[in-house]
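Visitor: Pasting a structure below so you can have a look.
The values are calculated or read from the model by the stated rules, or taken from the named source; none is laboratory data. All of these numbers come straight from a predicted model, not from anything done at the bench. Cβ placement follows ideal geometry from the backbone for every residue including glycine, while neighbour counts extend to all protein chains displayed. For the accessible areas, the whole protein counts, side chains as well, though only heavy atoms, and no ligand, DNA or RNA atoms are used. Shrake-Rupley method; radii C 1.70, N 1.55, O 1.52, S 1.80 Å.
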2 protein chains.
Amino acid sequence: MLLALPMMAAAQTVTSPNGNISLTFSLTDGGRPTYEMTYKGKAVVKPSHLGLELARDKHASMGLNETDLMDGFQIADTQTSSFDETWQPVWGETRDIRNHYNELAVTLRQLKEKPVYKGSGNEPGLALDKQERTIIIRFRVYDDGMGLRYEFPQQRDLNYFLIKEEHTEFAMAGDHTAWWLPGDYDTQEQETQQSRLSEIRGRFGEAVNWGNSSVAVFSPTGVQTSLQMKSDDGLYINIHEAACLDYATMHLELVDAQTKALTTKLEGNSNAYTPNPKPSPYPLPAPFTFVSHLTPDATGLKGAMQTPCTTPWRTVMVSDDARDMLSSNLILNLNEPCKLEDTSWIHPTKYCGVWWEMIVGKSSWNYTDEFPGIKLDQIDWTKAKANGRHGANNEKVRRYIDFAADNGLDQVLVEGWNVGWEDWANMWKRDVFDFVTPYPDFDLKALNEYAHQRGVKLLMHHETSSSTQNYERHLHDAFALMNRYGYDAVKTGYVGDIIPRGDHHYSQSMNNHYLYVVKEAAKHHIMVNAHEATRPTGICRTYPNMVGNESARGTEYEAFGGSRPDHTCILPFTRLQGGPMDYTPGIFVTKLSEWSDNTSWARITLAGSLALYLTMYSPLQMAADLPEHYERFMDAFQFIRDVACDWDDSRYLEAEPADYITVARKAKGTDNWFVGGKCDENGHTAVVKLDFLDKGRKYECTIYADAPDAHYEKNPQAYTITKRTVKAGQTLKIKEAPGGGFAISLMAK
Amino acid sequence: MLLALPMMAAAQTVTSPNGNISLTFSLTDGGRPTYEMTYKGKAVVKPSHLGLELARDKHASMGLNETDLMDGFQIADTQTSSFDETWQPVWGETRDIRNHYNELAVTLRQLKEKPVYKGSGNEPGLALDKQERTIIIRFRVYDDGMGLRYEFPQQRDLNYFLIKEEHTEFAMAGDHTAWWLPGDYDTQEQETQQSRLSEIRGRFGEAVNWGNSSVAVFSPTGVQTSLQMKSDDGLYINIHEAACLDYATMHLELVDAQTKALTTKLEGNSNAYTPNPKPSPYPLPAPFTFVSHLTPDATGLKGAMQTPCTTPWRTVMVSDDARDMLSSNLILNLNEPCKLEDTSWIHPTKYCGVWWEMIVGKSSWNYTDEFPGIKLDQIDWTKAKANGRHGANNEKVRRYIDFAADNGLDQVLVEGWNVGWEDWANMWKRDVFDFVTPYPDFDLKALNEYAHQRGVKLLMHHETSSSTQNYERHLHDAFALMNRYGYDAVKTGYVGDIIPRGDHHYSQSMNNHYLYVVKEAAKHHIMVNAHEATRPTGICRTYPNMVGNESARGTEYEAFGGSRPDHTCILPFTRLQGGPMDYTPGIFVTKLSEWSDNTSWARITLAGSLALYLTMYSPLQMAADLPEHYERFMDAFQFIRDVACDWDDSRYLEAEPADYITVARKAKGTDNWFVGGKCDENGHTAVVKLDFLDKGRKYECTIYADAPDAHYEKNPQAYTITKRTVKAGQTLKIKEAPGGGFAISLMAK
């Protein structure tokens, strides 16, 4: 701070409403926008530059804007303001959300000479012309963090531009501990790494090994957001983004002692995909600085913009209390209010589904094994030879419908109902599914009618195989079919490489696609739960029919070799910052070899599985295991029946990244509370102070806990169920087994 | 021949029905498929290899097929057969088309060791495994040429594959004269070059200069098809392709004395775009050999295939009479029969339109100049300030409707009717048009009603700005709107770079897109005339609602600096081989400065303009000039009123590439004939023997000819109209001025 301040000219400072956070903006180093951030006087972000490199385009009309928006700026205006509003989400962790911040908007003017194309010849002459461009950098400072974004007003010299790279820096104050995923243009399903920042490069090879699911990494110090860190002096710091709409998803590239250029090509790594990596011409920041790295399109560029427009918000959350990381609404608050006029058709949902048995390998999505490959318009499905393993058959779906109807579940997901699964993945097939033709053993009409008779709905499944052009071509008919048969929710999937080839899951065009699907779905009153799509950034506030995403390593990996027991104690700090995850919890029979040839096993106790319905907030909750497995443990399954998935209030009682999380939530429109606690492989004793209950009122308390000898590997199904009456002011101490947890229901009397 | 034959093993020969053409297949050089072709004993194609290089894919499942289909083949089977059928096109140059060929199908087996991925680790081990793959090379030999294609049956070791490059060779027997366009992934609107094959490299720089419209050339000897050539011994040879459906468009790369590798990167040429050019590992063919070069996708690959499938047909037409090049139906015959059950709604069409005045610069497509840029959802068009130059306004459109109704034209094209033209081109805007919202001065409902009252229709215009994703998103609503208001034809446009970025106009995915639009249009009973789309390859036989394409340098270039007078004497030999062109002829006022600020001028006489309605066959014919210009020459315009655009018979009377073309056509369902002759800058005296007329019958003959002093530059509007009665057996000698031509109507009495 002392060193940095003398460099600054005309610094502007804005503080959070409670004064804990201070943010200072200035121009340094030849007119480069620079900011820094403190929390209770401690440096959170040391002086860091802001700016964008623009790409030169072959079209003269675009060439107007090819000079970078990196330096040469002057401050033209600064505006400060305050905002305080309380709003109600359509669904969420709390009934009310307060959006309270102080704002600093800095208008910057850049006067530059630009190369201009003169004439229209084959080798047009270059000349220099003066241009004047204006951008605004807007900061919103909350009590639990800040957001900043670039805004580009419409103006003569900045109408259309191509982004070569965004250079938003986050200079960390020390060698923090970080929970990170390798930066990847196509997946975020890796196991989280925990290390010092200085250790990222050394750990990177291990982090991207094939078993860890990496596909397209770009730098040996590239990591994903939301990135959770902890400093040696006890600050919890989280970097993410909000409102990433028609813009590429941001990764972070760490500058360390060995960094020679941004972006470094990953030599000798067959997973690395770096289209035309060109080091930035700008000086490297100091070590421990993260620099934004956007997901490229097929040509290596990062985005095409038209003014007026803005970037997403770049967010830094900070607190000395880890629980504040989990209760923060900063990401939601930085998104636009709901744009749907009618939201009455959007509802939180509990569901089961014909799914886990395919994931485990016991049954198949595809109907036949008869053909080496299929073309949808050339198969007579009624004559195809059934393989006898097809999961989505009439009998089985009826069984699931009955189970859902009998056990308070709202919907039944059925995967593999539609033709095309015979050769759906990684074949570069464009016309892979039509989303309307059922397999011959799936009676679309009769099954929906049966479900509706029993008071439940089927939940639609659209695996796109990442052939997005094909999905968009069929979207209208697919949604019309859903409306016709009474579906109101769809789980979409984006497995495999994007078609058109060369594009990536997290590019600007794909982010546009995901949102296009959500908007089209809203027109049909359809809720969307997108798997393998980009990580969410709070846009469910604006489009609350986006009720879920996967975008992380979900329960399916318990069948693919397993995830570490601390995985679910990390996700709420990272992946869940941007929006709910369809984690598909509820595996009661964790040793898959008990009922299949799969030797993988879930690293969790049965009581721990119940806890996830609280610690992994989502308006969409699956009971993922098989009905026959639940029927062996109906006393425990009672909690899944009882637990809400929409809330009037949430209180994070205990939290430490990768160690434990304890949360109490009040069910929407009721006086009932539910409490869940989840811990890592070391176990934990939760202390639950019941001070959130109504004073003087009695509650019927049911505690689903690990048995004393429970253990995620050795004894996962050992649990106890205890009932008692409690009231406010009491304290419950609950022992969680290694890889375990607990769940409590508190029914107001 | 003598040198080549000893190398061949088990050669198979098939001849054309009349015996003039002979085609021989063999395996040479280590099992490489090889063919050669003669015409009346003269070499047309010297021994030439066939094969495909496949790309290695990161997915193990695809990796099965990564070894090339280039060599190591054995002949497993050969089949010969004959075919003779006469079919009737929905529209065309003749009522009947004979499809008569002898066929040779060679089944080839390739036994190879392939590298196989073992395991699924990050660095999977490679092992060798045996694979057996079968392909079929099918030859169809006609009296006027041949077609060959690769067929890939479904089989264990060849299910999905990526094409790195197709290596179909065409070894020319000498240093022919060629009429060529620079090979380009995105345009075919250049002026044709005429040179020896050996001169292509030296002329290439001139050929691609900016004024010649090149965009994305790939090799200094790369040329486009259809490529017309003439040998020193008087053979006319044409190379093209037929039935290019879901496959990349083929270019040709010439091997000359300086060729060191295929593909050569174009150093120092700012127009060159060569993604990852990698020379083929296979030996270079002899000089004067053309090798196929497919249009790449954004990643540089050429195609993704799933068996069973085929390539398009690669065609070589040959004759010692240039007229046979024009009357050939080889390309149509190699396409599949019509797939539309009901074609009653498809009809040839004469039209005028609000278009030429925008091309010339006198009025504008866009409605307002108020904004630096627009976003469709953020403009209140009723409040936008009109620029006063908007062409597609109610008053003007009514004027055109009246002109069409009064003068026997069927439809009125209106460009610029829909919002979005303010910043439509080359801005990388995805959401550029919605195709349903008219500008405020275009009353969609009233104008259609008025047109229908007057017995004409409006012709829809959908400029996509090459934002294909946007067009596909709006296609359903756009066609529904056309149906609602009574449009039955659409002119589409693909100006500018393809979005998604990195793709090209002639790639596999774009060819799929164009056909997707045609198929979707057919469902709505809509005819399609696609501009800037890929060059046609006869698929109008299969989908006859594809009534036109641009895909070459059209009349618009007469306003952009002009085209050479011989241009229209070349197009029928080249561009028109694959299907009709919407050339938009009929410019009567050739000096644009007479009525605008545009100093460009059309290199054609007025009588020559009339000739184009016959020499440039199309079921869609525009009268492109302004109504007020036609009203100055109503006696000449009478021919445009009278001339048919669908035919029972066509006779090419005279032809020489780039020199002259004379053709007589019999109007469909009548006894009337029309004759047209067009020549280059040197003039020509046409000799029209009226032996095609019914014997003993009298015809009212009207001759629209160049006046004696006519000249395309000095005196273009000097024409004579002569009426007389003629009968079969008579001969007309008609003098065509430099850049001129003539037109004759022969009305049976």
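Visitor: Does A:Thr177 meet the test of being in contact (Cβ under 8 Å) with a residue 12 or more places away in the chain and surrounded by 20 or more Cβ atoms within 10 Å (Cβ to Cβ)?
Guide: Taking the combined requirement at face value, the residue does not satisfy it.
Visitor: I've got another one for you. In region A:226-249, what residues are aromatic (Phe, Trp, Tyr) and part of a loop (DSSP other than H, G, I, E, B)?
Guide: A:Tyr247
Visitor: B:Phe742 is checked against (1) surrounded by 24 or more Cβ atoms within 10 Å (Cβ to Cβ); (2) touching a His at 6+ places or on another chain (Cβ under 9 Å) and fails just one. What number does that condition carry?
Guide: Of the numbered conditions (1) surrounded by 24 or more Cβ atoms within 10 Å (Cβ to Cβ); (2) touching a His at 6+ places or on another chain (Cβ under 9 Å), the odd one out for B:Phe742 is (2).
Visitor: With a cut-off of at least 1 residues that are within 14 Å of chain B (Cβ to nearest Cβ) and touching a strand residue (DSSP E or B) at 6+ places or on another chain (Cβ under 6 Å), name the strands (runs of 3 or more DSSP E) lying wholly within region A:153-225.
Guide: Passing ranges, in order: A:160-166.
Visitor: Now, a different point. Taking the condition part of a loop (DSSP other than H, G, I, E, B) and modelled with pLDDT of 95 or more, does B:Phe692 pass?
Guide: yes
Visitor: Can you tell me which condition B:Phe433 does not meet? The list is (1) in a helix (DSSP H, G or I); (2) open to solvent by less than 10 Å² (accessible area, probe 1.4 Å); (3) under 27 Å from A:Pro153 (Cα atoms), and all the others hold.
Guide: (1)
Visitor: All but one of (1) crowded, with 17+ Cβ neighbours inside 10 Å; (2) assigned to a helix (DSSP H, G or I); (3) within 14 Å of another protein chain (Cβ to nearest Cβ) hold for B:His476, so report the exception by its number.
Guide: Exception for B:His476: condition (1).
Visitor: Residues in region A:313-328: is at least one without any contact (Cβ under 8 Å) to a residue 60 or more places away in the chain, out of contact with any His (no Cβ under 8 Å at 6 or more places or on another chain) and crowded, with 16+ Cβ neighbours inside 10 Å?
Guide: Looking for residues that are without any contact (Cβ under 8 Å) to a residue 60 or more places away in the chain, out of contact with any His (no Cβ under 8 Å at 6 or more places or on another chain) and crowded, with 16+ Cβ neighbours inside 10 Å, one finds none in region A:313-328, hence no.
Visitor: What are the residues in region A:269-300 that are over 12 Å from A:Phe218 (Cα atoms), at pLDDT below 90 and either among the hydroxyl-bearing types (Ser, Thr, Tyr) or in contact with a Phe, Trp or Tyr (Cβ under 9 Å, 6 or more places away or on another chain) (or both), if any?
Guide: Residues satisfying the conditions are A:Ser280, A:Tyr282, A:Thr299.
Visitor: Can you tell me which residue among B:Thr492, B:Thr537 is more than 14 Å from chain A (Cβ to nearest Cβ) and part of a strand (DSSP E or B)?
Guide: Checking each option against the conditions leaves just B:Thr492.
Visitor: Any idea which residue in region A:375-413 is nearest to the other protein chains (Cβ to nearest Cβ), counting only those that are in a loop (DSSP other than H, G, I, E, B), charged (D, E, K, R) and surrounded by fewer than 20 Cβ atoms within 10 Å (Cβ to Cβ)?
Guide: Among residues in region A:375-413 that are in a loop (DSSP other than H, G, I, E, B), charged (D, E, K, R) and surrounded by fewer than 20 Cβ atoms within 10 Å (Cβ to Cβ), the one nearest to the other protein chains (Cβ to nearest Cβ) is A:Lys375.
Visitor: With the checklist (1) of a type in the set (Ser, Thr, Tyr); (2) within 20 Å of A:His524 (Cα to Cα); (3) away from chain B (no Cβ under 14 Å) in hand, flag the one item A:Tyr471 doesn't pass.
Guide: (3)
Visitor: Is it true that B:Trp428 is touching a Lys or Arg at 6+ places or on another chain (Cβ under 9 Å), within 14 Å of chain A (Cβ to nearest Cβ) and either in contact (Cβ under 8 Å) with a residue 24 or more places away in the chain or open to solvent by less than 40 Å² (accessible area, probe 1.4 Å) (or both)?
Guide: yes
Visitor: Among the residues of region B:226-254, how many are within 14 Å of chain A (Cβ to nearest Cβ), surrounded by fewer than 21 Cβ atoms within 10 Å (Cβ to Cβ) and either of a type in the set (Phe, Trp, Tyr) or touching a His at 6+ places or on another chain (Cβ under 8 Å) (or both)?
Guide: 0
Visitor: Among (1) of a type outside the set (Val, Ile, Thr); (2) free of Cβ contacts under 8 Å to residues at least 12 places away in the same chain; (3) farther than 22 Å from A:Tyr351 by Cα, which single condition is A:His567 missing?
Guide: (2)
Visitor: Within region A:180-212, work out how many residues are open to solvent by less than 10 Å² (accessible area, probe 1.4 Å), small (Gly, Ala, Ser) and closer than 30 Å to A:Asp71 by Cβ.
Guide: Residues that pass the stated criteria total 1.
Visitor: Among the residues of region B:437-449, is there at least one that is open to solvent by 60 Å² or more (accessible area, probe 1.4 Å), in contact with a Gly (Cβ under 8 Å, 6 or more places away or on another chain) and more than 14 Å from every other protein chain (Cβ to nearest Cβ)?
Guide: No, region B:437-449 has no match at all.
Visitor: Could you run through region B:282-309 and say how many residues are over 11 Å from B:Glu169 (Cβ atoms), of a type in the set (Ser, Thr, Tyr) and either free of Cβ contacts under 8 Å to residues at least 12 places away in the same chain or open to solvent by 10 Å² or more (accessible area, probe 1.4 Å) (or both)?
Guide: 1
Visitor: Got a sec? Which of A:Arg149, A:Arg156 is under 24 Å from the mean Cα position of the chain (by Cα) and open to solvent by 10 Å² or more (accessible area, probe 1.4 Å)?
Guide: A:Arg149
Visitor: Is it true that A:Thr670 is more than 20 Å from A:Met616 (Cα to Cα), in a strand (DSSP E or B) and at pLDDT 95 or above?
Guide: no
Visitor: State yes or no: is A:Ala522 closer than 21 Å to A:Glu189 by Cβ and at pLDDT 95 or above?
Guide: So A:Ala522 does not fit the description; no.
Visitor: Out of B:Gln508, B:Gln453, I need the residue that is of a type in the set (S, T, N, Q) and surrounded by fewer than 23 Cβ atoms within 10 Å (Cβ to Cβ). Which one?
Guide: B:Gln453 is the lone residue from the list that is of a type in the set (S, T, N, Q) and surrounded by fewer than 23 Cβ atoms within 10 Å (Cβ to Cβ).
Visitor: Working only within region A:500-515, note down all residues that are farther than 17 Å from A:Val217 by Cβ and under 18 Å from the mean Cα position of the chain (by Cα).
Guide: Hits for region A:500-515 are A:Gln508, A:Ser509, A:Met510, A:Asn511, A:Asn512, A:His513, A:Tyr514, A:Leu515.
Visitor: For the structure I just gave you, tell me whether B:Tyr719 is buried (at least 22 other Cβ atoms within 10 Å of the Cβ), in contact with a helix residue (DSSP H, G or I) (Cβ under 9 Å, 6 or more places away or on another chain) and among the hydroxyl-bearing types (Ser, Thr, Tyr).
Guide: Answer is yes for this residue.
Visitor: Now, a different point. Please return the ranges of strands (runs of 3 or more DSSP E) entirely within region A:18-102 where 3 or more residues are at pLDDT 95 or above and either under 29 Å from A:Gln577 (Cβ atoms) or open to solvent by 40 Å² or more (accessible area, probe 1.4 Å) (or both).
Guide: A:21-28, A:32-39, A:42-49, A:73-87
Visitor: Looking at B:Pro372, B:Pro337 in this structure, which one is more than 14 Å from chain A (Cβ to nearest Cβ), of a type outside the set (Phe, Trp, Tyr) and either open to solvent by 10 Å² or more (accessible area, probe 1.4 Å) or at positive phi (or both)?
Guide: Among B:Pro372, B:Pro337, only B:Pro337 is more than 14 Å from chain A (Cβ to nearest Cβ), of a type outside the set (Phe, Trp, Tyr) and either open to solvent by 10 Å² or more (accessible area, probe 1.4 Å) or at positive phi (or both).
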